[in-house]
Amino acid sequence: MIQVLVSIATHTVALLLYPGLFAMVAFGALVELAWLRLSARDWGWPILPRRRPTPVVATVALCSVLAAVQLGAPLNPVPGDERSIVLAAVGLAFTVWAELALTVEFVAEPGLLLLVQVCWLLAVLGPAVQPESLRPQVLGNMLVPGLLPVKIACAFLYLLCLPPLLRLWPFAPAGERRGKRRLDAGRVLTWFAYCGLFTTLFITPSSEDAIGLLRFFGFAFLVAAIVIAIALLMQRRGPAIARGLYVRAVPPYAALVLAIVVVTSILMR
């Protein structure tokens with residue numbers, strides 16, 4: 001009975017505080033404000049989200065929390081053997097599906113977005129093929145030289161897919177109204193899960209102490225900075241260049257990544 005209560009308490013802390021809701025909102029708010037500051041010509045404090053969360057925001061929050069507690073973050077209260085990369089990937093995938101299902105009129109290029117998400121799922125699951133493990137700490141700690149091409153290829157594909165998934169690409173949905181910019185609650189809730197998952201998959205695990213915690217968040221912020229830089233570059237180049245990138249370049253590159261994963265899996269057996 002005591003073990004059950006302790007387990008409930010630790011999982012509650014993980015879901016509500018760290019690495020769950022509180023950590024997600026704090027990280028996401030900082031990164032989102034940085035994005036708004038860098039991407040807007042005339043800076044002004046954005047309008048806060050509505051006090052009452054919409055069904056989409058509530059769904060995104062729930063799925064993002066599920067993904068966040070799966071991360072290989074230091075001092076994560078959830079035991080390592082209870083975490084899974086698949087749960088993190090499915091949770092983040094549902095955030096996109098929820099927006100497409102409930103507010104498709106406010107989603108730019110929904111068909112292309114789904115294509116990008118398939119490529120992103122390949123980048124997430126590709127490193128797990130050869131180790132045959134879905135535990136985050138195992139995947140991040142794989143330093144076998146033969147797997148290095150897979151990890152590099154998947155990491156690059158992952159970064160390329162994040163601007164569309166975070167709705168940072170230079171496409172405006174048909175139902176968007178021009179006006180003062182509002183803080184995007186959905187994006188605030190997903191920044192940490194996306195950046196933390198990259199850190200979990202492609203960076204060696206951090207130590208279970210304060211220094212490791214700072215290292216993990218440092219890499220997560222670095223990933224966010226890279227994504228913002230890519231998005232700003234696309235914003236300056238214009239929608240035509242961005243469309244060409246995600247229609248003509250990213251899918252063939254994803255096919256190449258898949259080939260690398262398959263060949264590596266065969267050679268490493």
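Annotation note: Cβ proximity below 7 Å between a residue of segment 90-107 that is closer than 17 Å to Leu168 by Cβ and a residue that is aliphatic (A, V, I, L, M) and assigned to a helix (DSSP H, G or I) (sequence gap 6+ or interchain) occurs for Leu92/Ala67; Leu92/Ala193; Thr95/Val60; Val96/Leu113; Val96/Leu165; Glu99/Val56; Val107/Leu100; Val107/Leu113.
Selection over segment 72-97 of residues that are in contact with a helix residue (DSSP H, G or I) (Cβ under 7 Å, 6 or more places away or on another chain) and either at pLDDT 90 or above or not in a helix (DSSP H, G or I) (or both) gives a count of 17. With respect to the stated conditions, Val227 fails to be crowded, with 21+ Cβ neighbours inside 10 Å, closer than 24 Å to Ala23 by Cβ, at pLDDT 90 or above and touching a Gly at 6+ places or on another chain (Cβ under 9 Å). If you go through segment 198-223 and pick out every residue that is in contact with a helix residue (DSSP H, G or I) (Cβ under 8 Å, 6 or more places away or on another chain) and in a helix (DSSP H, G or I), you end up with 11. Of all residues in segment 73-105, those satisfying the criterion of being crowded, with 18+ Cβ neighbours inside 10 Å and either within 21 Å of Cys161 (Cα to Cα) or touching a strand residue (DSSP E or B) at 6+ places or on another chain (Cβ under 8 Å) (or both) are Ile85, Ala88, Ala89, Gly91, Leu92, Ala93, Phe94, Thr95, Val96, Ala98, Glu99. Among the residues of segment 180-197, those that are in a helix (DSSP H, G or I) and either at pLDDT below 90 or of a type outside the set (A, V, I, L, M) (or both) comprise Ala185, Gly186, Arg187, Thr190, Trp191, Phe192, Tyr194, Cys195, Gly196.
I'd like the full set of residues that are at pLDDT 90 or above and either more than 24 Å from Thr95 (Cα to Cα) or hydroxyl-bearing (Ser, Thr, Tyr) (or both), limited to segment 111-149. Of everything in segment 111-149, nothing turns out to be at pLDDT 90 or above and either more than 24 Å from Thr95 (Cα to Cα) or hydroxyl-bearing (Ser, Thr, Tyr) (or both). Among the candidates Ala101, Ala108, Ala40, Ala61, the residue that is of a type outside the set (Ser, Thr, Tyr) and under 18 Å from the mean Cα position of the chain (by Cα) is uniquely Ala61. Candidates are the residues of segment 224-269 that are among the charged types (D, E, K, R) and in a helix (DSSP H, G or I); the one that is nearest to Gly28 (Cα to Cα) is Arg236. Look through segment 21-50, keep the residues that are part of a loop (DSSP other than H, G, I, E, B) and surrounded by 14 or more Cβ atoms within 10 Å (Cβ to Cβ), and return whichever of them is modelled with the lowest pLDDT. Result: Pro49.
The values are calculated or read from the model by the stated rules, or taken from the named source; none is laboratory data. This one's a predicted model, so the numbers in the text were calculated from it and none came from an experiment. Every residue, glycine among them, receives a Cβ derived from its backbone with ideal geometry; neighbour counts consider all protein chains shown.
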